[in-house]
Each structure stands twice: as C-alpha cells, then as structure tokens.
Amino acid sequence: MGGLRFSVHTGVTNLAQEITESNRNAIVISDMVRGVGRVMNFQSMKGVNGLEANDVYISVTCLSPPKYAELNVMGRWLDIPNIIQKYYQDQINQAVGRNRGFRQSSDRETKATLITSRRLWRSVLSGLLNNAPRVQLYEITDKPW
C-alpha cells in the first residue's frame with residue numbers, strides 16, 4: 001500500500017522546526033525530535049542552566065508502550081495509583097524550571113509553553129490541574145511562538 005505515512009516523530013520534529021525557525025530565542029524540549037537544532041530531550045535537559053533568557057517549549061507525547069508498562073508495574077508495586085500523572089508532572093516541572101523560578105531572566109520576559117495533543121491533555125494532563133502542581137497549566141489554541 002503506497003502513500004505517505006505520518007508519524008508522531010515526523011509531526012513533533014516538524015513542530016520543533018517551525019518553533020525554532022520562528023523564534024530565535026526558542027529551546028524545545030521533547031523526546032521525539034531528531035535532527036533539529038536547539039532541541040533537548042527530557043533526560044539531557046536535567047540540570048541544564050543558562051536557559052533563563054530563552055523561551056522554552058515543552059512537547060510531551062504519549063508514553064511508549066514499554067515505558068507505560070514499566071510505570072504501571074512500579075505504581076502497583078509501590079502502591080502509587082496515579083504514577084503516570086506523577087511521571088508527567090515531574091517531566092513538566094523539570095522542563096519549566098529551565099527558565100522559571102530562581103532561573104527566571106531579569107533581562108527579558110520569557111515564556112515556558114507546554115505543547116501536547118488534545119488526547120493526552122484530556123486523558124492525563126488536565127488531571128494535573130487538580131493536584132496543586134508547581135506549574136500552572138491552562139489551554140490555549142493559538143501558536144505562542
């Protein structure tokens with residue numbers, strides 16, 4: 001069967017390219033992007049300082065089946081019923097911390113933007129609003145870059 005296949009990797013990579021091309025101060029944090037400059041994955045951004053003057057765009061996607069299974073097993077073993085939400089909350093908190101809090105720029109107004117699918121927002125991430133997160137989330141429909 002011929003035709004084009006659209007994958008999450010392609011979509012997220014194209015999005016990262018669009019963001020970094022339209023905003024010279026942009027840094028994208030995503031696990032699904034390959035071959036685009038000014039992009040870090042969630043593991044490599046931990047402990048990174050020096051991004052306080054950048055606009056940080058965080059792209060979260062659905063977990064891979066093996067990662068989802070691993071977290072579910074750990075959650076059952078440790079009796080943590082909402083371990084998937086906690087995992088996402090930690091990833092988001094770490095990423096937002098790159099240019100917020102004590103790292104916030106005193107020279108310019110910066111932004112930290114979370115980008116996700118409607119499906120992931122509705123099924124998992126919107127539930128973070130009720131858990132007193134350190135990061136305030138709200139839905140917008142425009143492109144903030």
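The values are calculated or read from the model by the stated rules, or taken from the named source; none is laboratory data. These numbers were taken from a predicted model, which means no experiment stands behind them. The area values use the complete protein model at the heavy-atom level, side chains included, leaving out ligands, DNA and RNA. Shrake-Rupley method; radii C 1.70, N 1.55, O 1.52, S 1.80 Å.
A few notes on this one:
- Taking amide H atoms as placed 1.01 Å from N in the peptide plane, the amide H of MET40 lies under 5 Å from those of VAL28, ILE29, SER30, each 5 or more residues away in sequence or on another chain.
- For LYS46, the aspartates and glutamates whose Cα comes closer than 18 Å to its Cα, not counting residues fewer than 8 places off in the same chain, are ASP31, ASP55, ASP90.
- In region 71-132, Cα pairs under 8 Å separated by at least six residues give a relative contact order of 31 percent.
- Space enclosed by the convex hull of the alpha-carbon atoms of region 30-110, per residue, Å³: 109
- From the alpha carbon centroid of region 38-78 to that of region 92-145 is 13 Å.
- Accessible surface of region 45-145 [probe 1.4 Å, protein heavy atoms]: carbon and sulfur percent: 51
- For the chain, the relative contact order comes to 23 percent (Cα pairs under 8 Å, sequence separation of at least 6).
- Candidates TYR88, TYR68, TYR57: whichever shows maximal mean-square fluctuation once the chain is modelled as a Gaussian network with Cα springs under 10 Å: TYR68
- Partners of LYS86 within straight-line reach, counting aspartates and glutamates whose Cα lies under 15 Å from its Cα and excluding those fewer than 8 residues away in the same chain: GLU70.
- Computed from phi, the 3J(HN,Hα) profile of region 76-82 under the Karplus parametrisation 6.51, -1.76, 1.60 (θ = phi - 60°) reads 5, 5, 8, 6, 10, x, 10 Hz, with x in place of Gly and Pro.
- Probing with 1.4 Å while keeping every protein chain in the model, the per residue accessible area of the chain equals 65 Å².
- Cα gyration tensor category, rounded, prolate or oblate, for the chain with a/c compared to 1.5: oblate
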